[in-house]
Amino acid sequence: MPPRVVLVGPPGSGKSTAARLVASRLSVPSRDTDVDVELAAGMPISDIFVEHGEDHFRGLERAAVAAALKEHDGVLALGGGAILDERTRADLRGRAVVFLDVSIKDAASRVGFNRDRPLLLGNPRAQWTRLMEARRGLYEEVATATVQTDGRTPDEVADQIVAVLG
């Protein structure tokens, strides 16, 4: 059975938190592919980037997403860059996918652009903006619905996701 819903969006959009809250409301399990990657690698994502590079991380991420889409029947949160892989985008077709959209202002206040976000090192605001410019169209391509998270509490976001699921 496929996931009830897959959540996609940039860093700071609240995917992991929303996944847990939506799963609780639907009485299903939640799963986060970033956690799956860290468990498989035995190290944090930031260390994977430093020790093995982004290409290695993306390979681990692709495997984690493919496995989760086959095995998980609850709420699934994908890492922010998972949609960069065209096979992942193909795998998401025909599924309930919600794009959690967020402005840089709200994203910055949520994640603080800390060192655990390897793609945001250097000038985090400029990097985040660049990532969103490159990814927005891909998030929109895979999404069956979009939920704006700016100015909303996690509970409000979760309620909106449940509402768009019907």
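So what does log10 I(q)/I(0) come out to for segment 1-66 at q = 0.14, 0.15, 0.28 Å⁻¹, using the Debye formula with one equal point on every Cα and no solvent?
The Cα Debye sum returns log10 ratios of -0.47, -0.53, -1.24.
Solvent-accessible area per residue for segment 1-58 at a 1.4 Å probe radius, Å²?
Ligands and nucleic acids excluded, the figure is 48 Å² per residue.
Using a Förster distance of 35 Å, how high is the FRET efficiency between Ser27 and Ala66, based on the Cβ-Cβ distance and rounded to 0.05?
My answer for the efficiency is 0.85.
On a full-extension model of 0.36 nm per residue, what is the gain between Asp47 and Ala163, subtracting their alpha-carbon distance, rounded to one decimal in nm?
38.0 nm
Ignoring everything except DSSP H segments at least 4 long, calculate the 222 nm mean residue ellipticity for the chain; use -39,500 (n - 2.57) per segment, divide by total residues, nearest 500.
Theoretical 222 nm ellipticity from helices: -17000 deg cm²/dmol.
Using a 1.4 Å probe over the heavy atoms of the protein chains, calculate the carbon and sulfur portion of the accessible area of the chain as a whole percent.
On the chain, the fraction of accessible area on carbon and sulfur atoms equals 50 percent.
For segment 27-105, compute Rg over Rh where Rg is the Cα radius of gyration and Rh is the Kirkwood radius from the inverse mean 1/r over Cα pairs.
With Rh from the inverse mean 1/r over Cα pairs, Rg/Rh is 0.97.
Compute the Cα gyration tensor for the chain, then decide on rounded, prolate or oblate, letting a ≥ b ≥ c be the square roots of its eigenvalues: rounded whenever a/c is under 1.5, prolate when a/b is larger than b/c in the other cases, and oblate in all that remain.
oblate
Once both labels are modelled 7 Å past Cα along the beta-carbon direction, what's the Ser103-Leu84 spacing in nm?
Result for the modelled spin labels: 2.7 nm.
The values are calculated or read from the model by the stated rules, or taken from the named source; none is laboratory data. Given the structure is predicted, the values throughout are model-derived calculations rather than measurements. Every residue, glycine among them, receives a Cβ derived from its backbone with ideal geometry; neighbour counts consider all protein chains shown. Surface areas here come from the heavy atoms of the whole protein model, side chains and all, with no ligands, DNA or RNA. Shrake-Rupley method; radii C 1.70, N 1.55, O 1.52, S 1.80 Å.
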